[in-house]
Amino acid sequence: MSNRLALETSPYLRQHQNNPVDWFSWSPEAFTEAQRREVPILLSVGYSACHWCHVMAHECFEDQETANLMNELFVNIKVDREERPDIDALYMDAVQAMSGRGGWPMTVFMSPDGHPFYGGTYFPKPSFMKLMNAVSDAWQNRRTDIENNIAALGESLSRTAAVTPDDSLPNFNLVTRACEQLEAAFDHQWGGFGSAPKFPSTMNIDLLLRRYKKEPSETLKNIIVTTLDAMASGGMYDHIGGGFSRYSVDEKWLVPHFEKMLYDQALLLRVYAHAATVFKSENYQQICSEIVEYVLRDLHSQDGGFFSAEDADSLDDHDHSHEGHFYVFTPSELREILPKNLVKLAFDHYEILDAGNFEGKNIPTRLTHRGDFKRSPEIEEIRKIIFEARKKRKRPLLDDKILTEWNAMMAASLIEAANLLGRKDWLEKAEQNCEFLFRELRISDLENGSSRWMRSWQHNGLPRARHRALACDLAHLVDAFTRLAEATGKAIWISRSIEVTEQLLADYWDEKNGGFFTVAADAEQLIVRQKDLLDNATPSANSVAANALLRLGALTGDEKFSRYAHEILRLFTRIAEAAPSAFGNLLHAVYLVNKGVTEIAITGDKPELVELVKQSWLPTAVLTYGEPFESPLWKDRRPGFAYVCQNYVCSAPVSTVDQLREALASLG
């Protein structure tokens, strides 16, 4: 018999609909029930592609004995962290404060009004049973200890909202120090930063690329190229079907956690496209093409949206679930699949070992051929044969919810890659995605003419769009819509970007300290109203907003947008000092402010000039062409020229490709 989660649209929540646990989704009903019974709440947070979430679900939540104890002692709430990152961030802060570490699945015990007092991550059944009994005993017999825990956690949960702005903007020294920290942490043998596990660090690599573009050095080039080559050579990259897994469990980038996330494809596409342009690299162009091919083939909805993820686990022929099963092969399996004359070539190219490189099987890799991605016709034939054979396997679970934040992030990356690599077909897909977001995730109120954005969409949901958008959703929309205006020359996208910006400022801005709160003022309020400040696996809402507002302000000439961006940056002047490399995306905005924004306006019908700008990676420049809109950049302009300006003071207009190339040569 199914539980309440059968009514949810999240694939992760629906995975638990047949558990014997009496699950609630995050809802007023759950808190009311806990208050009625006077018992704690057990909050379990995870996501559909999480391997250890599946392990705990199998060991504990599918187990009748464990479920009976959960139901007896607690009111149980299940949350999809991707749908509700506001809930996840708040209680993850609590878990990290209590235990010194975090991760998923996240397990939190809290009072009936939502205040956490104990938590952790994965628990096997014996430990979980003991823990639940201990927590229940403390709740009944040592309530004062629990109240002390709640009080002690209060300050740590409120720390992001308590950050006060500095009088000055962050200076360029922060960028310099971040680059020095990254250089010190660089793994000279395997690329990347630090030791295992290794994450892509895309925002930091992008920061190094900005520095290299302005001040080339062999040291910076070595860090960037070694890391990008190593990531795309190891097993974290899918050499058969394209796309990246989330991270590598080892220092070599060989063995990934096999889940594939949309946001990783977006961020990695962006950095490889930038590097392809800076280094004129066909290898990186190939990686970009294969990332996009994967996303459009396996994560693209017919409606125009992008799905969230594919699971780490998949089923074998006996319906047993294994991490990475879909992606790995034994030598005998490959011998059966491939023509005899291609077996040795395939084994050599994909470094197939009789002993395997992962639990007796092989992850196809190019580790000992780092950076050599070109495929001969024979190797391409081998890849296609393996790909077709792999298609016959049971695919990993697709998380088919469509998230505003991740979709806008993917659209922005597609737009950049389309421009830099001359792929108009990618730009069409990006525009279709932005149209989908505007049509499906923006809910209009016909009575008063207002609108509000939602975070999550699912084709079979009733309603399809759910959960009020967070600041990160709107910040990425501003970025994507602004970049689409630049790429297409359509003024409607500037208008839509401004509309989203005005809602972001009206509903999320902190009038006291500056910066954006995670949740809107008129949305559901958790026990603390936090701010998203750190650049982690995805860029923070405030760093995305700072970059997007600077660019939108430069295009429109509206100083208000730039002023708000500066107020965001002042929040980081002091807190980024301790560890600037933890604020990679924020430092892109610091770089932009300190170098200054260059405005480029191309008037009339000059496609050759437009294409020159589009195919140049100019991280400190904005572009307008095509349909005019309200902006100093369009005032009193003669048609048929390119105007290159700073603070709307322009150099002499140019009309040829060579003249424009010379004018752009000095830009950072």
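The values are calculated or read from the model by the stated rules, or taken from the named source; none is laboratory data. Nothing here was measured: the structure is a model prediction, and the numbers come from that model. Positions of Cβ are backbone-derived with ideal geometry, glycine not excepted, and every protein chain shown enters the neighbour counts. These area figures cover heavy atoms from the full protein model, side chains too; ligands, DNA and RNA do not enter into them. Shrake-Rupley method; radii C 1.70, N 1.55, O 1.52, S 1.80 Å.
Note that the chain presents 39 Å² accessible area per residue, ligands and nucleic acids not counted, probe 1.4 Å. Describe numerically, in nm with one decimal, the distance between label points set 7 Å from Cα along Cα→Cβ at T656 and at Q17. Computed distance between label sites T656 and Q17 equals 6.7 nm.
Could you tell me whether segment 89-159 comes out rounded, prolate or oblate from its Cα gyration tensor? Rule is a ≥ b ≥ c as square roots of the eigenvalues, rounded for a/c under 1.5, then prolate if a/b exceeds b/c, otherwise oblate.
Here segment 89-159 falls in the oblate category.
Solvent exposure of F516, expressed as accessible area, is near 0 Å², computed with a probe of 1.4 Å over the protein chains only. Note on N148/K560: beta-carbon distance plugged into 1/(1 + (r/R0)^6) with R0 of 45 Å gives a FRET efficiency of 0.45.
Length gained on full extension, K340 to L618: 95.1 nm, using 0.36 nm per residue less the C-alpha separation. Spatial offset of segment 590-668 relative to segment 175-246 amounts to 31 Å, using the alpha carbon center of each.
Toward the positive end of the charge dipole of the chain, with +1 on the Cβ of Lys and Arg and -1 on the Cβ of Asp and Glu, the farthest Cα among T160, H274, N536 is that of H274.
Length gained on full extension, Q646 to E524: 39.7 nm, using 0.36 nm per residue less the C-alpha separation. For W406, the accessible area of its heavy atoms, probed at 1.4 Å with every protein chain present, is near 10 square angstrom. Karplus-based coupling profile of segment 24-36, in residue order and whole Hz: 10, 7, 5, 6, x, 4, 5, 5, 4, 5, 5, 5, 5, with θ = phi - 60° in 6.51 cos²θ - 1.76 cosθ + 1.60 and x standing for Gly or Pro.
For the chain, with all protein chains present and a 1.4 Å probe, just round the carbon and sulfur fraction of the accessible area to a whole percent.
49 percent
Listed peptides 243-255, 615-627, 501-513 appear in the order 243-255, 615-627, 501-513 once ranked by packing, highest mean of other Cβ atoms within 10 Å at the front. Listed by chain and number, the aspartates and glutamates whose alpha-carbon sits under 17 Å from that of K78, ignoring those within fewer than 8 places in the same chain, are E8, D22, E29, E33, E59, E62, D63, D86, D88, D113, D399. Extent along the principal axes, Cα only, for segment 529-605: 47, 25, 21 Å, with the longest axis given first.
In whole Å, what three semi-axes, largest first, describe the equivalent ellipsoid of segment 403-455 built from its Cα gyration tensor (square root of 5 times each eigenvalue)? Provide the component values of the computation, followed by the final result.
On the way: eigenvalues 150, 22, 9 Å².
Equivalent ellipsoid of segment 403-455: 27, 10, 7 Å, largest first.
The distance from the alpha carbon centre of segment 10-50 to that of segment 490-542 is 27 Å, rounded to a whole number.
Measuring between their Cα centroids, segment 256-333 and segment 430-484 lie 25 Å from each other.
How much net charge surrounds V95 when only the other residues with a Cβ under 13 Å from the Cβ of V95 are counted, with Lys and Arg +1 and Asp and Glu -1? Surrounding charge for V95 is 0.
Annotation: peptides 369-382, 517-530, ranked by per-residue average of other Cβ atoms within 10 Å with the highest first, follow the order 517-530, 369-382.
Pairs exceeding 31 Å between alpha-carbon atoms, taken from K280/K391; K361/K384; K260/K344; K125/K252; K221/K344: K280/K391; K125/K252; K221/K344. Between E333 and N222, the modelled labels are 3.9 nm apart [label points 7 Å from Cα along Cα→Cβ]. Shape analysis of the chain places it in the oblate category; the axes a ≥ b ≥ c from the Cα gyration tensor give an a/c of at least 1.5, with a/b not above b/c. Karplus-based coupling profile of segment 609-614, in residue order and whole Hz: 6, 4, 5, 4, 5, 4, with θ = phi - 60° in 6.51 cos²θ - 1.76 cosθ + 1.60 and x standing for Gly or Pro. Where a ≥ b ≥ c are the square roots of the eigenvalues of the C-alpha gyration tensor, would you call segment 153-194 rounded, which needs a/c under 1.5, or, failing that, prolate if a/b is larger than b/c, or oblate? In terms of gyration-tensor shape, oblate.
Taking 25 Å as the limit for the C-alpha separation, the pairs K214/K614; K130/K394; K424/K606 exceed it in the case of K130/K394. Computed about the Cα centre, the dipole magnitude for the chain is approximately 1040 debye when only Lys and Arg (+1) and Asp and Glu (-1) carry charge, each at its Cβ. Protection proxy ranking for 304-312, 323-331, 587-595, 657-665, using the average of other Cβ atoms within 10 Å per residue and placing the highest first: 304-312, 587-595, 323-331, 657-665.
Could you work out the local net charge near I150, counting Lys and Arg as +1, Asp and Glu as -1, over the other residues with Cβ closer than 11 Å to its Cβ?
-2
Since only G194, S450, L484 are under comparison, the one whose Cα sits farthest along the positive direction of the charge dipole of the chain, derived from C-beta charges on Lys, Arg, Asp and Glu, is L484.
Computed 3J(HN,Hα) for segment 538-550, one whole-Hz value per residue from the Karplus formula 6.51 cos²θ - 1.76 cosθ + 1.60 where θ = phi - 60°, is 10, x, 6, 4, 6, 6, 4, 5, 4, 5, 5, 5, 4, glycine and proline marked x. Where only DSSP H runs of four or more residues are counted, the chain gives -15000 deg cm²/dmol as its mean residue ellipticity at 222 nm, each run worth -39500 (n - 2.57).
Quick one: if the Förster radius is 30 Å, what FRET efficiency do E282 and Q181 give, using the C-beta to C-beta distance and rounding to 0.05? Result of the calculation: an efficiency of 0.45.
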